[in-house]
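Below is one structure, written out as structure tokens; comments come after it.
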Amino acid sequence: MTIPTKSPLTRRSLIAGAGLAGAGLLLPGCDRLDQSPAFRETLRLGERVTMGAQRLVSDRTALAREYDGGDISPIFRSNGTRMPGTPDYAAWLAGGFADWRLAVDGMVARPLSLSLAQLGAMPVREQTTRHDCVEGWSAIGRWTGTPLKLLLDAAGVRNTARYLIFHCADLYGARPYYESIDMIDALHPQTILAWALNGRMLPVGNGAPLRLRVERQLGYKQAKYITRIEAVATLATSYGGKGGLWEDTNDYEWYAGI
Ligand SMILES: Nc1nc2c(c(=O)[nH]1)N[C@H]1C(S)=C(S)[C@@H](COP(=O)(O)O)O[C@H]1N2
Ligand SMILES: [Mo]
């Protein structure tokens with residue numbers, strides 16, 4: 001979803017049109033109504049809608065803070081999967097990822113299948129940022145990779161696509177890790193597919209050969225071990241339908257803004 005700059009829809013009318021502006025008006029002085037479970041449900045709905053409005057008006061295109069080289073953490077720890085356990089991954093790793101490919105498909109005009117060498121030959125972006133994990137740790141690292149927008153342009157992503165799903169090589173039991181973002185984050189200048197960390201090829205523990213950096217969001221959105229990027233119109237029909245493994249299984253928020 002992109003909002004064309006010349007669009008007659010202002011943000012205000014967008015919010016009103018989505019029925020968001022009215023949500024706050026229900027709130028003042030409603031003691032008796034407050035007792036009814038149905039009304040409480042309506043209020044909860046209102047809270048969620050208000051969060052949606054907040055997202056619409058907060059500047060989603062603002063940049064995440066970038067740090068100096070001297071701020072880089074001596075160790076960037078590995079969290080979640082540290083080594084995907086599948087035969088496919090073992091074979092890619094043994095071959096130095098020469099046979100690994102990234103698929104870009106779904107709602108695109110030209111599906112892509114790219115080797116690591118092809119990705120490395122594209123223009124790069126480097127950024128030193130802080131990663132924040134919900135488990136209570138942070139680390140600053142310098143990431144090098146391909147701006148996601150370049151891949152979307154190359155694939156000709158359709159303007160009816162609303163989300164990107166990142167399919168990953170690692171499994172939690174029978175469930176693959178996956179994550180998703182919307183087009184605002186997909187086109188953000190700091191959203192890159194990183195293949196290097198602190199000047200070296202990405203270590204296995206940090207997602208080799210390719211991981212997402214979406215710097216305005218929390219750690220679990222930073223999908224590691226990506227094998228496929230799929231452009232879709234809805235998240236509801238993939239995996240558990242909530243846009244990510246932890247969203248499906250642990251009620252994590254889909255939008256994890258920081
Ligand atoms: N494929 C995959 N991606 C993942 C995870 C994972 O287990 N598998 N863990 C997530 C979580 S919770 C965090 S905090 C970061 C950790 O990245 P790091 O291992 O480079 O520190 O990766 C995220 N991306
Ligand atoms: Mo995390």
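Side notes on the structure shown:
- Taken over segment 70-115, the residue count meeting the criterion of being within 16 Å of ligand 1 (Cβ to nearest atom) and of a type in the set (D, E, K, R) is 3.
- From the list Asp132, Asp105, Asp88, the lone residue that is more than 16 Å from ligand 2 (Cβ to nearest atom), in contact (Cβ under 8 Å) with a residue 24 or more places away in the chain and part of a strand (DSSP E or B) is Asp105.
- Summed over segment 108-123, the residues that are farther than 17 Å from Phe166 by Cβ, surrounded by 14 or more Cβ atoms within 10 Å (Cβ to Cβ) and in contact (Cβ under 8 Å) with a residue 40 or more places away in the chain give a count of 1.
- Tabulated pairs, segment 181-192, first closer than 15 Å to Val157 by Cα, second of a type in the set (Phe, Trp, Tyr), C-beta under 6 angstrom, 6+ apart or interchain: Asp182/Tyr163
- Set Gln190, Gln217: member being over 11 Å from the mean Cα position of the chain (by Cα) and over 19 Å from Leu102 (Cβ atoms): Gln190
- In segment 243-258, the residue that is surrounded by the most Cβ atoms within 10 Å (Cβ to Cβ) out of those that are over 13 Å from the mean Cα position of the chain (by Cα) and within 14 Å of Pro176 (Cβ to Cβ) is Asp248.
- Evaluation of Gly205 against (1) over 16 Å from the mean Cα position of the chain (by Cα); (2) more than 16 Å from ligand 2 (Cβ to nearest atom); (3) surrounded by fewer than 22 Cβ atoms within 10 Å (Cβ to Cβ) (one fails), failing number: (2)
- Residues in segment 146-195 that are within 13 Å of ligand 1 (Cβ to nearest atom), in contact with a strand residue (DSSP E or B) (Cβ under 9 Å, 6 or more places away or on another chain) and of a type in the set (Gly, Ala, Ser): 3 in all.
- Of all residue pairs spaced 6 or more apart or on separate chains, those with beta-carbon atoms under 8 Å, a first member in segment 212-223 that is within 13 Å of ligand 2 (Cβ to nearest atom) and a second member that is at pLDDT below 95 and assigned to a loop (DSSP other than H, G, I, E, B) are Gln217/Ile258; Leu218/Ile258.
- Residue match in segment 127-147 (condition: more than 30 Å from Ile258 (Cα to Cα) and either out of contact with any Phe, Trp or Tyr (no Cβ under 9 Å at 6 or more places or on another chain) or crowded, with 16+ Cβ neighbours inside 10 Å (or both)): no
- Test: residue in segment 229-239 that is of a type outside the set (Val, Ile, Thr), within 18 Å of Cys133 (Cα to Cα) and modelled with pLDDT of 95 or more: no
- Test set (1) free of Cβ contacts under 8 Å to residues at least 24 places away in the same chain; (2) within 16 Å of ligand 2 (Cβ to nearest atom) - Gly241 fails condition number: (2)
- Residue in segment 162-172 that is in contact with a Leu (Cβ under 6 Å, 6 or more places away or on another chain) and either surrounded by fewer than 19 Cβ atoms within 10 Å (Cβ to Cβ) or hydroxyl-bearing (Ser, Thr, Tyr) (or both) present: yes
The values are calculated or read from the model by the stated rules, or taken from the named source; none is laboratory data. The structure displayed is predicted, hence computed values, not measured ones. Don't worry about glycine lacking a Cβ; one is built from the backbone with ideal geometry, like all the others, and counts go over all protein chains shown.
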